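Values in this text are rule-based calculations from the coordinates and carry no lab data. Computed from a predicted model, the values in this text were never measured in an experiment. When we count neighbours, we look across all protein chains shown, and the Cβ atoms used for this are built from the backbone with ideal geometry, even at glycine.
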Amino acid sequence: MLLFLGFILSIAACQRNGIWKDNMTLWKDVVKKSPNKARPHNNLGNAYGLQNRLSEAVHEYMTALTLKPDYADAHRNMGDFYRVTGQPDMAIQAYTTAIKLQPDMPDAYFYLGNIYLDRRQWDEAVSKFRTAVALKPNYPLAYYNLGLASANQGQLDDAIRSFQAAIILKPDYAEAHVNLGSVYGQKGLADEAINEFIIAIGIKPSLAAAHNNLAIAYEQKGWHDKAAKEYQLAHEAEAKPLR
């Protein structure tokens, strides 16, 4: 009997493999069978989102929230929708609701931080990025943006520590090397700055900012020939079409 039952279950599983061939089909199937459950609607929204079908995604998130108003994941997903569709105030509201309901959401804090960074609200940005990295220590993007916000606050030592943390987690993070070099330059540490710019160019030779900043550092050293070469490379990098 057990073998026979297993055989029946195996047939059923094989039949459902066709239904579950991708997330879209899977969650459409679950929503059809459980239309009054919030999670399937939220996950179907995610599947639509992955295909850039945003109007259908937001419909599913709103349905999930109608069924379960305290559903933190759906509020966060609405925040993502508002963010990518250029509605930052609505995004802030949605992310804030999400983290009130579920405080351990590093991505919600990260994207809140990005909105404040774009608005040049440095204190708010720093606060959100610090929470993001506290919740998710292996988050190089959050450390990088924390470095940007700290530098704009004038907290150069904090910025250095943040860029260094991003580089430890992602050694080939060329932009972090460039910005670390820039902060070193602001502190008068020309040799350290030059070293970071050279590392960045080694990682990403087409990074115009690295060549330009290296040129400035060379000029400050009085190395005008080297500076001219880097300015030329920066110009070439900027002129190169994106692929």
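Things worth noting here:
- Unit charges at the beta carbon, dipole of segment 23-103: most positive-side option, Asn46, Asn23, Met90: Asn23
- Filter on Lys100/Lys136; Lys204/Lys240; Lys136/Lys187 - keep pairs with C-alpha separation over 21 Å: Lys136/Lys187
- 5 angstrom amide H check on Lys187, placed H, neighbours 5+ away: none
- Using a cutoff of 8 angstrom between alpha carbon atoms and counting only pairs six or more residues apart, the relative contact order for segment 66-209 works out to 13 percent.
- Top positive-direction residue, dipole computed over the chain with Cβ charges, set Phe163, Phe197, Ala210: Phe163
- Spin-label proximity, Gln93 to segment 35-65 - amide N less than 19 Å from point 7 Å beyond Cα toward beta carbon: 55, 58-65
- For segment 23-103, the Cα gyration tensor yields ellipsoid semi-axes of 21, 15, 8 Å (square root of five times each eigenvalue, largest first, whole Å).
- When only the Cβ of Lys, Arg, Asp and Glu is charged (+1, +1, -1, -1), the dipole of segment 115-198 relative to its Cα centre reaches about 320 debye.
- Expressed in units of 2.2 N^0.38 Å, where N is the residue count, the Cα radius of gyration of the chain is 1.37.
- The chain, dipole about Cα centre (Lys/Arg Cβ +1, Asp/Glu Cβ -1), debye to the nearest 20: 980 debye
- One decimal place: the segment His59-Leu189 gains 41.5 nm when fully extended, by the rule 0.36 nm per residue minus the C-alpha distance.
- Over segment 127-243, equivalent-ellipsoid semi-axes from the Cα gyration tensor in Å: 26, 16, 10
- Pairwise label distance in nanometres, Ile168 with Lys37, each label 7 Å out on the Cα-Cβ vector: 4.2 nm
- Trypsin sites (Lys or Arg not before Pro) restricted to segment 97-134 and DSSP loop, no more than 11 other C-beta within 10 Å: Arg120
- Nearest-20 debye value, segment 42-148 charge dipole, Cβ charges on Lys, Arg, Asp, Glu: 180 debye
- Max mean-square fluctuation residue, GNM over the chain, Cα-Cα springs under 10 Å, options Asp80, Asp22, Asp123: Asp22
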